[in-house]
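Every number here is computed from the coordinates shown, using simple stated rules; none is lab data. These numbers were taken from a predicted model, which means no experiment stands behind them. Here the Cβ positions follow ideal geometry from the backbone for every residue, glycine too, while neighbour counts run over all protein chains shown.
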Ligand SMILES: *Cc1c(COP(=O)(O)O)cnc(C)c1O
């Protein structure tokens with residue numbers, strides 16, 4: 001077996017680490033929740049505040065192309081998710097975007113009312129459907145939840161939309177996009193994929209899998225910064241005649257005509273509602289440049305190698321056998337994160353953070369680590385497991401300060 005040092009030396013992505021500001025000590029294993037700061041984004045933020053906003057003010061809408069940011073960011077994300085041009089736009093949050101997308105999908109599927117999803121899906125996705133159900137009434141929209149292995153039998157003729165996460169946010173299990181999309185289509189069902197935990201970490205083939213709609217996150221593996229805008233994908237074939245319900249001036253065909261009548265813009269621009277958050281979106285635009293010279297296949301290869309090594313290191317240390325791995329061992333089913341169950345997961349996570357190993361906790365008992373292949377090294381992995389071993393061996397986590405729950409977990 002090569003050492004971690006040798007593997008870092010041979011890593012074709014090793015140089016990408018220099019494009020980020022990383023915490024001076026420890027290891028950051030939470031890039032699946034909030035990606036690290038790309039230096040390009042820091043540079044843009046300074047220039048944006050001091051020059052573009054500070055000095056150029058309103059002229060910047062044209063001179064710095066603020067007005068085009070939603071499209072520009074969308075087109076930078078498109079190749080990462082297997083989308084040809086003119087199908088992706090950047091705006092709002094996943095939650096708001098799902099509201100728009102589900103409305104459009106339900107309009108296409110007249111006569112069908114059910115939005116089918118799974119119990120384990122990310123809660124905001126389910127809350128959005130519940131909100132639509134309250135607004136439209138159950139005769140137009142009805143949420144049905146099933147267990148992951150019951151999806152096929154639940155695809156009945158009243159199902160309008162299948163709403164799934166590509167990668168499970170707790171376990172990191174990957175849903176087979178091609179198989180599930182095909183299966184849904186065979187039953188006349190449209191599919192909406194949530195790419196929060198896959199965009200920027202692994203290949204996503206939306207066009208090739210004939211996906212109908214997708215949404216995803218700007219602040220996780222895309223490193224756009226806290227609260228960065230999200231994105232929407234709509235397959236070209238569904239764009240003609242679509243009407244999203246949050247009609248606002250930025251989605252109007254001619255916003256600066258100030259017409260009293262709303263006329264939707266052609267294509268993806270319609271998904272804009274109000275003014276884009278220029279500060280966040282411009283920072284995301286610069287952050288996306290770290291992806292220009294990498295491809296998702298390389299990212300995937302390294303991500304799997306990092307998670308393989310982490311699992312191997314954990315398994316080699318008897319004191320860690322109390323931790324129960326709930327992420328798939330099988331490569332095809334494993335995302336870019338690993339999760340372990342332990343009754344003291346919260347306290348263990350806090351004790352690790354005190355040692356500068358940043359992971360996170362998901363209720364009720366999950367310890368979760370994200371592996372961003374752009375800035376993590378093989379030595380980081382070994383060091384993290386060394387620290388985890390210390391925490392468990394010394395029982396650090398039993399100290400009272402690690403038991404207190406914070407507001408954000
Ligand atoms: C992080 C995450 C979200 C976040 O939704 P926002 O509305 O953008 O805050 C949604 N779905 C999944 C699967 C996530 O992991």
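From the list 110, 120, the one residue that fits, being within 16 Å of the ligand (Cβ to nearest atom) and assigned to a loop (DSSP other than H, G, I, E, B), is 120.
Among the residues of region 256-266, none qualifies, meaning not one is within 21 Å of the chain's Cα centre (by Cα) and either away from the ligand (no atom under 16 Å from the Cβ) or farther than 26 Å from residue 171 by Cβ (or both). Mind listing whichever residues of region 184-204 are over 16 Å from residue 338 (Cα atoms), within 12 Å of the ligand (Cβ to nearest atom) and either touching a residue at least 60 places away in the same chain (Cβ under 8 Å) or touching a helix residue (DSSP H, G or I) at 6+ places or on another chain (Cβ under 6 Å) (or both)? The answer is 192, 194, 195, 199. Only one entry of 207, 176 meets the criterion of being surrounded by fewer than 21 Cβ atoms within 10 Å (Cβ to Cβ), within 17 Å of residue 304 (Cβ to Cβ) and either without any contact (Cβ under 8 Å) to a residue 40 or more places away in the chain or away from the ligand (no atom under 16 Å from the Cβ) (or both), and that entry is 176. Evaluated against (1) within 16 Å of residue 389 (Cα to Cα); (2) within 21 Å of the chain's Cα centre (by Cα); (3) in a helix (DSSP H, G or I), residue 283 falls short on exactly one condition, (1).
From the list 228, 196, the one residue that fits, being part of a loop (DSSP other than H, G, I, E, B) and in contact with a strand residue (DSSP E or B) (Cβ under 8 Å, 6 or more places away or on another chain), is 196. Taking the criterion of being part of a loop (DSSP other than H, G, I, E, B) and out of contact with any helix residue (DSSP H, G or I) (no Cβ under 9 Å at 6 or more places or on another chain), the residues of region 311-342 that qualify are 326, 328, 330. The set of residues in region 199-216 being under 22 Å from residue 111 (Cβ atoms) and part of a strand (DSSP E or B) consists of 213 alone. The test for being surrounded by 15 or more Cβ atoms within 10 Å (Cβ to Cβ), free of Cβ contacts under 8 Å to residues at least 60 places away in the same chain and within 12 Å of the ligand (Cβ to nearest atom) holds for residue 126. When each of 98, 69, 102 is tested for being surrounded by 21 or more Cβ atoms within 10 Å (Cβ to Cβ), in a helix (DSSP H, G or I) and more than 16 Å from the ligand (Cβ to nearest atom), the lone residue that passes is 69.
All of 145, 163 fail the test of being in contact with a helix residue (DSSP H, G or I) (Cβ under 8 Å, 6 or more places away or on another chain), within 14 Å of the ligand (Cβ to nearest atom), assigned to a strand (DSSP E or B) and farther than 19 Å from residue 202 by Cα, apart from 163. You will find that of 171, 181, the residue that is under 20 Å from the mean Cα position of the chain (by Cα), more than 16 Å from the ligand (Cβ to nearest atom) and either on the phi > 0 side of the Ramachandran plot or buried (at least 18 other Cβ atoms within 10 Å of the Cβ) (or both) is 181 and no other. Scan region 241-253 and tell me whether some residue there is more than 16 Å from the ligand (Cβ to nearest atom), in contact with a helix residue (DSSP H, G or I) (Cβ under 6 Å, 6 or more places away or on another chain) and assigned to a helix (DSSP H, G or I). Checked region 241-253: at least one residue is more than 16 Å from the ligand (Cβ to nearest atom), in contact with a helix residue (DSSP H, G or I) (Cβ under 6 Å, 6 or more places away or on another chain) and assigned to a helix (DSSP H, G or I). Pick from region 344-369 the residues that are out of contact with any strand residue (DSSP E or B) (no Cβ under 8 Å at 6 or more places or on another chain) and free of Cβ contacts under 8 Å to residues at least 24 places away in the same chain: which of them is surrounded by the most Cβ atoms within 10 Å (Cβ to Cβ)? For region 344-369, the residue satisfying everything is 353.
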